[in-house]
Structure formats: structure tokens, C-alpha cells
Amino acid sequence: MFASGRWWPQPLHELSRHRTRPPNPGIHRRTRCVVVDNSALGKEANNSGKLAYCIHVYKQGARKKHMPHATLGDKILVAIRGEMKKAFVVGANTHVTHRKHGVPSTDTNNIVLLDDEGNPLGNRIIAPIPAKLLDRRDNVQMMKVLDLATKYI
């Protein structure tokens, strides 16, 4: 299906004629993320302007080359300041065509860093996180992250 473009037909998912790819439904490889806990590593990365970026998604259901997209509450592996750390996604900037009812969308992709044992690196979460994450309290590592949060939206 095509929509009317200025000089040529445009695909329907296009919001502007300058976009080159269809919108992605979540966080994938090389997606930049903002650390929202108060860990020293996260503060240093956010203040320097060199944000953490995703290098792997821990999620089932895809072939090796076709990495699945991480959504709210998924665990990812990020590269930050020359180190590799695991992190939970606590806020995702999803495209308008992929948003779900009842799940708030943020302006940035927010993560909380974890150490090697799966405990959060910081001791406080600065940004508000979606209350939809409370449904994932059965995961022990996610429960530790949710205990640090003070604001839910």
C-alpha cells in the first residue's frame, strides 16, 4: 500500500518523506539508551554525552542473525564507557504505530544497569517508570529494580 508523496508514491508507514526505513518496534542492536539510576558509571556516561548502547537482547524466539527487539522489562547487554553491562529496559521510545494501550511511551530509551550478580548498580531510580512493570514481580532481579523506584506512571 502506498500513500501519496510529493513526487513519488510513499509507503504508508512514512510520516515524512525523508525517512529511509520503517519504524522499529523496540530496542535493537546499536540503539542508544539513557541510564536512569544513580550509579557512577551511568552518571559519567550521561554527562559525557556518550550514551550506553545495546549490543545484545536476552529474549527468546528469533534466529541468531535476526535479533529480537527489546521492549519494556526485557534484559539487554549494553556497552558503556568501554565496559559491557547487563541492564533492564524501564522505558522505551516506541513508534506511534507500535504503541500499546496502557503502556506509556517515553522520549528516550531508559535502562537500569545491573552488576555481574544481577543486582542494580545504583541505589535509586531517578526517572518515573511505567506501572506496567509491576506485573513482572515474579522475576527476582526485576523485583530488586522495582524496589528502587519511587515514582510510577
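The values are calculated or read from the model by the stated rules, or taken from the named source; none is laboratory data. The shown structure was predicted, so the numbers you read here are calculated from the model rather than taken from an experiment. Note that we place each Cβ from the backbone using ideal geometry, even for glycine, and neighbour counts take in every protein chain shown. Heads up: the accessible areas ignore ligands, DNA and RNA and are worked out on the full protein's heavy atoms, side chains in. Shrake-Rupley method; radii C 1.70, N 1.55, O 1.52, S 1.80 Å.
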Residue that is modelled with the highest pLDDT, among those in the stretch 25-50 that are assigned to a loop (DSSP other than H, G, I, E, B) and open to solvent by 60 Å² or more (accessible area, probe 1.4 Å):
50
Condition broken by residue 67, with the remaining ones in (1) modelled with pLDDT of 85 or more; (2) surrounded by 13 or more Cβ atoms within 10 Å (Cβ to Cβ); (3) within 15 Å of residue 30 (Cα to Cα) satisfied:
(1)
Just give me the residues in the stretch 94-126 being of a type in the set (A, V, I, L, M, F, W, C), surrounded by fewer than 19 Cβ atoms within 10 Å (Cβ to Cβ) and in contact with a strand residue (DSSP E or B) (Cβ under 6 Å, 6 or more places away or on another chain), in sequence order.
121
Considering each residue of the stretch 117-128, count those that are out of contact with any helix residue (DSSP H, G or I) (no Cβ under 8 Å at 6 or more places or on another chain) and in contact (Cβ under 8 Å) with a residue 12 or more places away in the chain, and give that number.
3
